[in-house]
Amino acid sequence: MTVVFGVGALAAIALFVLVALLSLGLATRDEARGGGLFDTYVLNAARFTVLQATLSTALSVLLAVPVALALARRRHFLGRVWLLRLMALPLGLPALVGALGLLGIWGRQGVINRVFELLGLGQPLSIYGLQGIVIAHVFFNLPLAVRLMVAGLDRIPGEYFLLGANLGLSRLSLLRFVEGPVLRALMPGIAGLILMLCVTSFTLVLTLGGGPGASTIEVAIYQALRFDFDPGRALSLALVQLAMTGLLLAGLSRLGRPALAEATGGRIQRRFDGATAVAKIGDGAVIALAAVFVASPLAAAVDAGLRADLGRLARDPMVHRATMTSLTMATASALLAVLSGLAMLKAQQVLAARRGRRANGFGPARLIGLGVSAASSLVLLVPPVVLGAGWFLALRQIGDGAAFAPAVIVAINAVMALPFVTRILAPALLTHAARTGRLADSLGLHGWSRLALIDWPVLRRPIAMALSFAAALSLGDLGAVAIFGSNELITLPYLLFSRMGAYRSMDAAGLALLLGLVCLLLTMIGTARSDTDRP
């Protein structure tokens, strides 16, 4: 029965994606009869997508290097743990909330332009267009790069720095011979991940794009369906998007993996290279600048939200409706993602165990494993807007598809959360099976007895973490609901975006505060008692 559930979940996901792609394919045939698929607009959108993603990735990675090096040298300074936790906040923050915070700092009436006005320089900065998109992507991705680099630098054996101190190596020499190789091994993977996130970015570009000249493929798909109702153009753009993400995934698969740590005595790191006053001042300045860059938009979003008329928003029936819709759909998406992930992973385990008892047996476990791996890459290969466009075209064939829109959005968000869910659950399930599998089998524990006595006490924390992450991702998502959203189907991100479009900025700020608090609360529940940010 476990295998049946797992195979069924995998087949359902495959069918869901295939229907969307098939719908796009059928539209391709119709469009090909009517004329060319690609024109200057499509090519310009593709060019801008690559340009903004390349600039954002380069700046995020390059600026993260000095911050990570400074944090790695200052392993015991007061507030390091809280700074690393601050770096995690943008990861759990809805993109719309981050965009509003960035407007408060870098916008026309933001802090930076006010300072320039006081200096008599006018308002030279505009956050709309390429520069705004790049700033926003750096805000979200620099903390991710810093955390990954710091984790790699913290894994360097302490013996290396002790030997470096005995040899009298300068900071430049340590960077060249000790820290540099570690960073060079990490950078391709980090840059590839950030590049893919920037290529598939939707909400930030939609909010800060500022016009047709600064539109990415995903935003162009949304505009083609919602504003122009031109399925043919949406199809052309979706094909370009699939081709681009496919090429990027192929390139990512060829990137080098981080080198394994060599066997050492496990000595704790002691950094002798940061003892001088100049080094302390330099590291402190770099860390302070990074903290201000990350914290200031968050503080601006909170400040603007608190200045909104929260009492009126709390009494607004539309807000109540949007909140209930968001919570209901986020809960359904999270449950669907976690149950699907558990079913596939358990089926993979059962089949792998059977294969172990039959050394030369057939390998369905391998097929399930490949299916789980493919499902984990769906979020990168087939972004939500492309899935939404495919289902939008498919539902259009059967008439009014509005009745199916909530179910489709729930399914899209569940599929998009699946990669994160499987990455959380897979290690926990493997470790738990290795520790308790044989003992439970020898005691004859199966079914509900095994679940209640053996599995649930150990697995409830990773399951709760996966649920909270999946719910937060779904709650803050604008990609799927942007295609299907209407007056009858309003979520909190959709309502927030609508209020921004209607120039009701204070209402948008209040809604952003509410949305951000709920998402961050869910993320904090999921990361409670995490050891990853401890020195």
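Note on segment 89-102: residues that are open to solvent by less than 30 Å² (accessible area, probe 1.4 Å) and over 11 Å from the mean Cα position of the chain (by Cα) amount to 6. Counting only residues that are farther than 30 Å from A99 by Cβ and surrounded by 13 or more Cβ atoms within 10 Å (Cβ to Cβ), how many does segment 454-483 have? Going through segment 454-483 one residue at a time, the tally reaches 7.
Anything in segment 127-177 that is under 16 Å from the mean Cα position of the chain (by Cα) and among the hydrophobic types (A, V, I, L, M, F, W, C)? List them, or say none. A136, V138, F139, F140, L142, L144, A145, V146, L148, listed by residue number. Only residues that are at negative phi and not in a helix (DSSP H, G or I) were counted across segment 185-230, and they come to 9.
Only one of the numbered conditions (1) within 30 Å of F497 (Cβ to Cβ); (2) surrounded by 22 or more Cβ atoms within 10 Å (Cβ to Cβ) is violated by E179, and that is (1).
Here the condition is being modelled with pLDDT under 75, within 27 Å of I221 (Cα to Cα), open to solvent by less than 30 Å² (accessible area, probe 1.4 Å) and not acidic (D, E); of A365, A405, A375, A389, it holds for A375 alone.
Scanning segment 428-454 for residues that are outside any helix (DSSP H, G or I), more than 16 Å from Q349 (Cβ to Cβ) and among the hydrophobic types (A, V, I, L, M, F, W, C) returns a single hit, L443.
Checking each residue in segment 382-437 for being within 20 Å of the chain's Cα centre (by Cα) and of a type in the set (V, I, T) picks out V382, V385, V386, I409, V410, I412, V415, V421, T422, I424.
Selection over segment 56-82 of residues that are open to solvent by less than 20 Å² (accessible area, probe 1.4 Å) and touching a helix residue (DSSP H, G or I) at 6+ places or on another chain (Cβ under 6 Å) gives a count of 10. The residue list R114, R108, R147 contains one member that is open to solvent by 10 Å² or more (accessible area, probe 1.4 Å), assigned to a loop (DSSP other than H, G, I, E, B) and among the basic types (K, R), which is R108. Tallying residues that are open to solvent by 70 Å² or more (accessible area, probe 1.4 Å) and either within 23 Å of the chain's Cα centre (by Cα) or not aliphatic (A, V, I, L, M) (or both) within segment 309-345 yields 12.
So that you can scan it fast, the table gives a plain yes or no per residue for (1) charged (D, E, K, R); (2) closer than 24 Å to I409 by Cβ; (3) modelled with pLDDT under 85; (4) out of contact with any helix residue (DSSP H, G or I) (no Cβ under 6 Å at 6 or more places or on another chain):
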position	(1), (2), (3), (4)
R438	yes, no, yes, yes
D441	yes, no, yes, yes
S449	no, no, yes, yes
I454	no, no, yes, no
V458	no, no, yes, no
A464	no, yes, no, yes
L467	no, yes, no, no
L478	no, yes, yes, no
L492	no, yes, no, no
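The values are calculated or read from the model by the stated rules, or taken from the named source; none is laboratory data. Keep in mind it's a predicted model, so treat the numbers as computed, not measured. In this analysis, Cβ positions are derived from the backbone assuming ideal geometry, glycine residues included, and neighbour counts consider all displayed protein chains. Each accessible area value is taken on the protein alone, full model and side chains, heavy atoms only, with ligands, DNA and RNA left out. Shrake-Rupley method; radii C 1.70, N 1.55, O 1.52, S 1.80 Å.
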